[in-house]
1. What does the charge add up to near A:TYR37, with Lys and Arg as +1, Asp and Glu as -1, over the other residues with Cβ less than 15 Å from its Cβ?
2. Could you state the angle between the C-alpha long axis of helix B:28-42 and the longest principal axis of the C-alpha atoms of chain B, as a value from 0 to 90 degrees rounded to the nearest 10?
3. Treat each spin label as a single point 7 Å out from the Cα along the C-beta direction, and report the B:ASP84 to A:GLN116 distance in nm.
4. Roughly what percent of Cα-Cα pairs across chain A reach past 27 Å?
5. Please identify which residues in region A:1-44 have an amide N closer than 18 Å to a label point set 7 Å out from the Cα of A:ASP56, following the Cα→Cβ vector.
6. Give me the percent of DSSP beta bridges within region A:6-126 that run antiparallel, rounded to the nearest 5.
7. Taking amide H atoms as placed 1.01 Å from N in the peptide plane, list the residues 5 or more away in sequence, or in a different chain, whose amide H sits under 5 Å from that of B:GLY86.
8. Using R₀ = 22 Å, calculate the FRET efficiency as 1/(1 + (r/R₀)^6) where r is the Cβ-Cβ separation of B:GLU105 and A:ALA99; round to 0.05.
Amino acid sequence: MIDDELKVTTRQRDGIWIIDLEGDVTTFAEEAITGAYEGVTKEGAKYIIINSRQSDYINSAGIAILIGVVTEVNRQAQKLAISGLSPHFQKIFRMVGLAQYADIFATEEEAIAAMQRHQQAAVESAQ
Amino acid sequence: MSNPQHMAPSGDEERVIELHLPSRLGYEKVAMDTASAMAKRMGFSHDRVESLRTAVSEAVTNAIEHGNQHDSAMKVVVVFTGSDDGLIVDVADQGRKLLDHTITERTPDIHQVLHSDDKGGWGIWLIKELMDEVQFSVAPSGGNKLRMVIHLDR
């Protein structure tokens, strides 16, 4: 009843990797989130969306885990977006400064559209 | 900033709720749910209730992890006191480890945190950002006591 439960799954959509989080993002989430990120990176992910689904409890330990992912994303020259957060957690993520390193969107669809624009810009600059 | 001591309860004991929580992570959710149930009934907006939930979770988590060092024999005591002006939440631990007060004044910087091994340290800063008043003191038990106040907008 009291234990944190987090379900983390990954999927690919139009060349963009999505890490879905369902449940509490707290200190207990570290292994699952970091493992999912490492998994999609091994698959060659360049564009990653962390999509929060029904996560109505994200605490500072969870934020620290996501900052750890941002650190790796910067090292790997990947692009990260975060979607599905409630307005409260969008506000918290902006307060913390995460929005400077990961675009934050209300919905997965908005995040996908933004990532596709980044993909297109990368293709054009490579030509 | 007004002194939260001056925001005295109206004397109605039904507006005081006290929780004694085991020092085990996860029990902070009981305090969060109690806080939001009380705040909703008092007429706080959804946004303010969400801020309160986050602040209470951070305070209780700190008490479990740092104050009581996860010692299951120790309790975290949370007292919610409603008044006409707002809600006072006192969170006290039994002080296996006293709070380093330099932490209470620290403003974390994400640029520095990204290059540091320690990605944490956001909890107390978040509480101070989200609540109207925050005080740190020593509890009668000898442990740490954090008092936070959230005012009703009138």
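Bear in mind these aren't lab numbers, they're just calculated from the coordinates by the rules spelled out. From a predicted model like this one, the values you see are computed outputs, not experimental measurements. A quick note on method: Cβ atoms are made from the backbone with ideal geometry, for glycine too, and the neighbour counts reach across all protein chains shown.
1. 0
2. With rounding to tens, the tilt is 30 degrees.
3. With each label placed 7 Å out from Cα toward Cβ, I get 5.8 nm.
4. 12
5. From region A:1-44, the list is A:1-7, A:21-26.
6. Around 35 percent of the beta bridges assigned by DSSP in region A:6-126 are antiparallel ones.
7. Amide H to amide H, under 5 Å and 5 or more residues apart or across chains, B:GLY86 pairs with B:LEU152.
8. Computed FRET efficiency for B:GLU105 and A:ALA99: 0.35.
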